[in-house]
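As structure tokens, the structure follows; a few thoughts come after it.
The values are calculated or read from the model by the stated rules, or taken from the named source; none is laboratory data. Given the structure is predicted, the values throughout are model-derived calculations rather than measurements. Using ideal geometry, Cβ is built from the backbone for each residue, glycine included, and neighbour counts are taken over all protein chains shown. Side chains included, ligands, DNA and RNA excluded: accessible areas come from the protein's heavy atoms. Shrake-Rupley method; radii C 1.70, N 1.55, O 1.52, S 1.80 Å.
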Amino acid sequence: MDITLRPVHDSDLPVFFRQMNDPEAGRMAAFTAKDPSDRAHFDAHWARIRASGDVIRTVLVDGDVVGNAAVYGRPDEREVTYWIDRPYWGRGVATATLRALLDLVPERPLYARAAADNAGSLRVLEKCGFVVTGHDRGFAHARGEETDEVVLTLHG
Ligand SMILES: CC(C)(COP(=O)(O)OP(=O)(O)OC[C@H]1O[C@@H](n2cnc3c(N)ncnc32)[C@H](O)[C@@H]1OP(=O)(O)O)[C@@H](O)C(=O)NCCC(=O)NCCS
């Protein structure tokens, strides 16, 4: 299995839109857009982040678009995020993706947030060296309720 990252192409966006409308994935991530099925909002968001200068990459497995990953945010609060399509879960794709992303972005510290019960994401982060440094609680649109969140840090 060949896992690679490359810059985002326009043709990836409909694939991301479908992947990010998977209700099971949304529930897991919890802190999603208010309405992931709002295509105009999705398009505006992606146009904005692609123009921002942040590091945003498409994840390919054997040439297929299987997700995306990014490092974004203010210079002193750079945060990682990633999303892998459900058929590819459980094969080490997110771990390889995050490792590749961390190689691309040398700055430290980096931060991450995950719903406290997102065991998969927490495991991926811990395998890549992130440690839990805080706890938060906020409204999770994908669940329609207040949800516990964990803050993690990758130190230099
Ligand atoms: C969370 C997510 C990124 C994991 O992707 P993945 O490619 O399946 O992860 P990996 O295969 O690299 O798994 C890494 C580790 O997590 C574990 N893991 C993965 N999914 C898990 C789950 N649902 N429950 C418990 N452990 C899980 C794996 O067993 C593996 O641990 P191990 O190496 O000790 O065996 C993926 O499910 C996803 O994109 N979900 C929806 C979006 C999301 O939640 N993004 C993160 C927001 S913070």
(request) Please give the calculated 222 nm ellipticity per residue for the chain, where each DSSP H segment of at least 4 residues contributes -39500 (n - 2.57) and the sum is spread over every residue; nearest 500 deg cm²/dmol? (result) -9000 deg cm²/dmol
(message) List the residues, sorted by chain then number, that are 5 or more residues from Val151 or on another chain and whose placed amide H is less than 5 Å from its amide H.
(response) Thr133, Gly134, His135, Asp136
(message) For a test of the definition: using alpha carbon positions, the gyration tensor, and the 1.5 limit on a/c, classify region 1-53 as rounded, prolate or oblate.
(response) oblate
(message) So if I take the centroid of the Cα atoms in region 65-95 and the same for region 137-156, what is the distance between those two points in Å?
(response) 15 Å
(message) At a threshold of 8 angstrom on Cα-Cα distance, excluding pairs fewer than six apart, so keeping six or more, what relative contact order does region 3-154 reach in percent?
(response) 25 percent
(message) Which GluC sites (Glu not before Pro) in region 98-156 sit in a loop by DSSP (not H, G, I, E or B) and have at most 15 other Cβ atoms within 10 Å of their own Cβ?
(response) Glu107
(message) Quick check for you: with a 1.4 Å probe and neighbouring chains kept, what is the accessible area per residue of the chain, in Å²?
(response) 53 Å²
(message) Quick one: 3J(HN,Hα) in Hz for region 23-35, Karplus 6.51/-1.76/1.60 with θ = phi - 60°, rounded, Gly and Pro as x.
(response) x, 5, 5, x, 4, 5, 5, 6, 8, 10, 4, 4, 9
(request) If a/c stays under 1.5 just call it rounded; otherwise compare a/b with b/c (prolate if a/b is bigger, oblate if not). Do that for the chain, with a ≥ b ≥ c from the square roots of the Cα gyration tensor eigenvalues. (result) rounded
(request) Within region 1-97, report the GluC sites (Glu not before Pro) that DSSP leaves as loop and that have at most 11 other Cβ atoms within 10 Å. (result) Glu77
